[in-house]
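A.B. asks: I'd like to ask some things about the structure below.
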Amino acid sequence: QTIEGNVTSNVPATYLQDHHNTTFVLDYAASSELTRIKTPWLVTTCIWKATLRLKAVVWLSELLEKSILKLTDKDYTDNGMSGLLAEAGTAYDLNIEMFNKLQHTISGWPGGKPNADDSNRPERAEPSKKRVIIFSPHPDDDVISMGGTLDRLVDQGHDVHVAYQTSGNISVSDDEALKFAKIALELTPNSKRMEKIVAFLSVKKEDEVDPLDVQKLKALIRKNESILATNYLGLQEENLHFLNMPFYETGTIKKNKLSQKDTDLLYDLIEEIKPHQIYAVGDLSDPHGTHKICLDALINVLDKLKSKPYMKDCWVWLYRGAWQEWEAYEIEMAVPLSPDQVLKKRHAIFYHQSQKDGVMYQGDDSREFWVRVEDRNRSTAVKYNNLGLADYAAIEAFKRYFY
């Protein structure tokens, strides 16, 4: 509104549009809705790189509510894309090229399909059994954001490891922790440690920082929820790695800065497993920034490791889910889920009982995580179908990161 909207007293900053010496400084996310960024072909001449071509064709298809293969020359010229058509030839040729590009992102084999021609698949066929690390910032991000894909990877025989980067302890409510503490005290009635925890939580004041034992209890609640959820998907406990990165362990929303100790944990795990695939968070909209810090730590480590011989065979895929989703034109691997897999993923999320029925840090969306992520996965499938592709119950989406 400030930059492109009408000048109005409702948004006082719009008056700066008439100032002869005003510069707005925005990052990419903040500028993403500006016409010159979102749909530059409407306001200027474009250099039609492959990514911009796909973005424009998807936008036109969604705008006109027509599948890609039904777009005409007139549709392009009437919507600022005559330059694209001049380069591509006819709408027919361009439509087929873009349709095929999207179709080739779809794969039910996220680890690659063995003994298959992988020239038009998002992942390599070889090695047929891959070593995989899924980095999960919080103890439930793995199943929320890519539970269906995790299930596929395990079912298809890959050596899957999940690395939980933080304990997630501050997301456990005091009532939930008190419930477990009272149960533990009944089982061990002479435990002074449990007595102290119960006494503290029973009278805890708002914004009071938990003592170390309470933080540990909350971390154990989340740890065991993760173990149960991944066991349900067929993953054994020895393939779970609880890193408890130190930057997170403050007991408050405010975190410490990343340190060498944090990145060393990631470095050592990657060195140990030598993965062919890494999955990491690309959803940076969580309310207290943990996702971004965890991704920054991984990027830092990848930069240090990239000269290692085994890293030449390691591909990194970024997932989203609970907070935002990739746009259709950004997706490079789309893993379709059947109705049964959607239910299985939901049940895996339900193991994280401490995060149901009243999540402590929900952001602007009041729905439970399983509801939002099902809606996003279903929405991605609907978008693909509206573009003219197959009709799936849900799709989990990934974008490759090149380091």
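A.B. asks: Which of the following residues is part of a helix (DSSP H, G or I) and either in contact with a helix residue (DSSP H, G or I) (Cβ under 9 Å, 6 or more places away or on another chain) or under 16 Å from residue 327 (Cα atoms) (or both): 33, 62?
C.D. replies: Unique residue meeting the criteria: 62.
A.B. asks: Would you be able to say whether some residue in the range 384-398 is of a type in the set (D, E, K, R), within 30 Å of residue 220 (Cβ to Cβ) and at pLDDT 95 or above?
C.D. replies: Yes, that holds for at least one residue.
A.B. asks: Please identify the pairs in which a residue from the range 279-299 that is at pLDDT below 85 has its Cβ atom under 6 Å from the Cβ atom of a residue that is aromatic (Phe, Trp, Tyr), counting only partners at least 6 apart or on another chain.
C.D. replies: Sorted first by the residue in the range 279-299, then by its partner, the pairs are 283/323; 285/323; 286/323; 287/361.
A.B. asks: One residue is enough: does the range 79-95 have a residue meeting the conditions free of Cβ contacts under 8 Å to residues at least 60 places away in the same chain, farther than 21 Å from residue 39 by Cα, in a helix (DSSP H, G or I) and not polar (S, T, N, Q)?
C.D. replies: yes
A.B. asks: Name every residue in the range 51-104 that is among the hydroxyl-bearing types (Ser, Thr, Tyr), surrounded by 15 or more Cβ atoms within 10 Å (Cβ to Cβ) and more than 15 Å from residue 384 (Cβ to Cβ), in order of residue number.
C.D. replies: Of everything in the range 51-104, those that are among the hydroxyl-bearing types (Ser, Thr, Tyr), surrounded by 15 or more Cβ atoms within 10 Å (Cβ to Cβ) and more than 15 Å from residue 384 (Cβ to Cβ) turn out to be 76, 77.
A.B. asks: In this structure, is residue 131 over 21 Å from residue 337 (Cβ atoms) and in contact with a strand residue (DSSP E or B) (Cβ under 6 Å, 6 or more places away or on another chain)?
C.D. replies: Values: over 21 Å from residue 337 (Cβ atoms): yes; in contact with a strand residue (DSSP E or B) (Cβ under 6 Å, 6 or more places away or on another chain): yes.
When the stated conditions are applied, residue 131 passes them.
A.B. asks: Out of (1) within 24 Å of residue 151 (Cα to Cα); (2) among the acidic types (Asp, Glu); (3) part of a loop (DSSP other than H, G, I, E, B), the odd one out for residue 210 is which?
C.D. replies: Unmet for residue 210, out of (1) within 24 Å of residue 151 (Cα to Cα); (2) among the acidic types (Asp, Glu); (3) part of a loop (DSSP other than H, G, I, E, B): (1).
A.B. asks: Now a separate question. Hey, could you check the range 189-201 for residues that are at pLDDT 95 or above and out of contact with any Leu (no Cβ under 9 Å at 6 or more places or on another chain) and say which is farthest from residue 214 (Cα to Cα)?
C.D. replies: If we take residues in the range 189-201 being at pLDDT 95 or above and out of contact with any Leu (no Cβ under 9 Å at 6 or more places or on another chain), then 192 is farthest from residue 214 (Cα to Cα).
A.B. asks: With respect to residue 175, determine if the residue is surrounded by fewer than 18 Cβ atoms within 10 Å (Cβ to Cβ), assigned by TED's automatic domain parsing to the domain that holds residue 136, more than 17 Å from residue 241 (Cα to Cα) and among the charged types (D, E, K, R).
C.D. replies: Against the criterion (surrounded by fewer than 18 Cβ atoms within 10 Å (Cβ to Cβ), assigned by TED's automatic domain parsing to the domain that holds residue 136, more than 17 Å from residue 241 (Cα to Cα) and among the charged types (D, E, K, R)), residue 175 does not qualify.
The values are calculated or read from the model by the stated rules, or taken from the named source; none is laboratory data. In this text, all values refer to a predicted model and were calculated from it rather than measured experimentally. Don't worry about glycine lacking a Cβ; one is built from the backbone with ideal geometry, like all the others, and counts go over all protein chains shown.
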